[in-house]
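The values are calculated or read from the model by the stated rules, or taken from the named source; none is laboratory data. It should be emphasised that the depicted structure is a prediction, and the values quoted were computed from it without experimental measurement. Positions of Cβ are backbone-derived with ideal geometry, glycine not excepted, and every protein chain shown enters the neighbour counts.
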Amino acid sequence: MAVLSDRDIVAAREAGRLRIDPFDPKNVTPNGYDLTIAEVAVLTTPPKTVTTGSASVPAHARFAVSTAEVVELGPDIAAQLWLRTTWARQGVIAVFGKVDAGFRGTLTLPAMNANDSPLQLPVGERYAQIVFETLLNPAEKVYAQRSGQYQDQRGVRLR
């Protein structure tokens with residue numbers, strides 16, 4: 001596996017090997033792409049969903065972010081997701097998984113506010129980085145053919 005550089009990401013988009021929609025050239029990093037917040041689900045009782053303005057996440061509360069971007073990976077590309085350090089420095093704790101080859105949709109990114117005070121999450125803010133990896137060989141069966149549970153998801157989806 002090899003991580004795609006900024007030039008590789010642009011070339012892969014142009015070749016149709018991956019899609020990011022909407023795409024903002026300013027969000028390309030040296031080895032990834034910064035994903036932005038479209039929706040925040042604050043997982044309190046009752047849960048609250050915010051799609052405009054800023055979400056206030058209470059201290060020690062769980063929440064989930066949906067990306068504004070729809071990501072589509074070809075059969076030869078997988079991806080890692082990383083919380084931007086800006087948020088980690090503010091007390092956000094998050095563990096994300098791998099994005100499988102062939103996945104298509106927005107991404108749901110669960111996390112927790114580990115602070116003793118509320119956290120503000122503005123819709124539209126850069127939140128996580130996606131790092132693309134080229135597989136040694138294209139997947140024999142892509143995500144939709146394996147489990148595909150979240151294929152074509154939009155918005156926060158917890159189950």
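Here are the numbers for the structure shown:
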| quantity | calculated |
| --- | --- |
| Single residue of 74, 102 found to be in contact with a Phe, Trp or Tyr (Cβ under 6 Å, 6 or more places away or on another chain), under 14 Å from residue 18 (Cα atoms), modelled with pLDDT of 95 or more and not aromatic (Phe, Trp, Tyr) | 102 |
| Among the residues listed as 117, 56, 66, the single one being of a type in the set (S, T, N, Q), out of contact with any strand residue (DSSP E or B) (no Cβ under 7 Å at 6 or more places or on another chain) and in contact (Cβ under 8 Å) with a residue 40 or more places away in the chain | 117 |
| Selection within region 19-53 - assigned to a helix (DSSP H, G or I) and in contact with a Ser or Thr (Cβ under 9 Å, 6 or more places away or on another chain) | 27 |
| Single match in 154, 62, 89 (criterion: closer than 29 Å to residue 3 by Cα, of a type in the set (Lys, Arg) and in contact with a Ser or Thr (Cβ under 9 Å, 6 or more places away or on another chain)) | 154 |
| Qualifying residue in region 6-18 (condition: assigned to a strand (DSSP E or B), within 30 Å of residue 139 (Cβ to Cβ) and at pLDDT 95 or above) | yes |
| Matching strands (runs of 3 or more DSSP E) fully within region 54-159 where at least 1 residues are among the polar types (S, T, N, Q) and either surrounded by 15 or more Cβ atoms within 10 Å (Cβ to Cβ) or on the phi < 0 side of the Ramachandran plot (or both) | 54-57, 62-67, 77-83, 108-113, 119-122, 126-134 |
| When residues of region 127-153 are limited to those that are farther than 19 Å from residue 19 by Cβ and of a type outside the set (S, T, N, Q), the one modelled with the highest pLDDT | 127 |
| Some residue of region 103-114 being among the hydroxyl-bearing types (Ser, Thr, Tyr) and in contact with a Ser or Thr (Cβ under 6 Å, 6 or more places away or on another chain) | yes |
| Sole residue being modelled with pLDDT of 95 or more and either touching a Pro at 6+ places or on another chain (Cβ under 9 Å) or closer than 25 Å to residue 23 by Cβ (or both), chosen from 97, 124, 91 | 124 |
